[in-house]
């Protein structure tokens, strides 16, 4: 059964965030420091639906995605730089390399803002990051998802 939460304009979580409380007892939510957290699938993150609520675009997320909020996770993807620096502490991660003019545009669940504990070298190859996932945490969000306290890890 799909439990849906609506994220209204600004991507703020409504009262439905409470439905994730029962998920907090799962073992993967409290991955011990130093342990390898579970990998998230881009298919899971992309399972969002854009809807219109009161004339404004909003995003619906299922309970599995909401249950990942504040969990320590691991995610592999391609760095999308936010500036021209050779090293970055903050960047976007995507399931595919930088899109081209003729490519299909990325959907709302296909980018994750990553904020690392220290700057890492920009790479055109896929990177794997580990950190704390936040799901639609505020009106200033550029992405539905954000991974903070992130570090790069080996596969």
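The values are calculated or read from the model by the stated rules, or taken from the named source; none is laboratory data. Computed from a prediction, not measured in an experiment: that's the story for all the values here. When we count neighbours, we look across all protein chains shown, and the Cβ atoms used for this are built from the backbone with ideal geometry, even at glycine.
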What tally of residues in the stretch 107-118 results from selecting those that are assigned to a loop (DSSP other than H, G, I, E, B) and crowded, with 16+ Cβ neighbours inside 10 Å?
4
Go over the candidates 5, 9 one by one and state the one that is in contact with a strand residue (DSSP E or B) (Cβ under 6 Å, 6 or more places away or on another chain), farther than 28 Å from residue 124 by Cα, modelled with pLDDT under 85 and outside any loop (DSSP other than H, G, I, E, B).
5
Could you please find all residues in the stretch 48-83 being free of Cβ contacts under 8 Å to residues at least 24 places away in the same chain and within 24 Å of residue 149 (Cβ to Cβ)?
64, 82, 83
Answer from 134, 123, 130 - the residue that is farther than 20 Å from residue 47 by Cβ, in contact (Cβ under 8 Å) with a residue 40 or more places away in the chain and part of a strand (DSSP E or B):
130
Out of the residues in the stretch 141-152 meeting the condition of being more than 23 Å from residue 84 (Cβ to Cβ) and assigned to a loop (DSSP other than H, G, I, E, B), tell me which one is modelled with the lowest pLDDT.
141
Scan the stretch 29-57 residue by residue and report those that are modelled with pLDDT under 85 and not in a strand (DSSP E or B).
29, 30, 31, 32, 33, 34, 35, 36, 37, 38
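Which residues, taken from the stretch 62-87, are assigned to a helix (DSSP H, G or I) and out of contact with any strand residue (DSSP E or B) (no Cβ under 7 Å at 6 or more places or on another chain)?
Residues satisfying the conditions are 63, 64.
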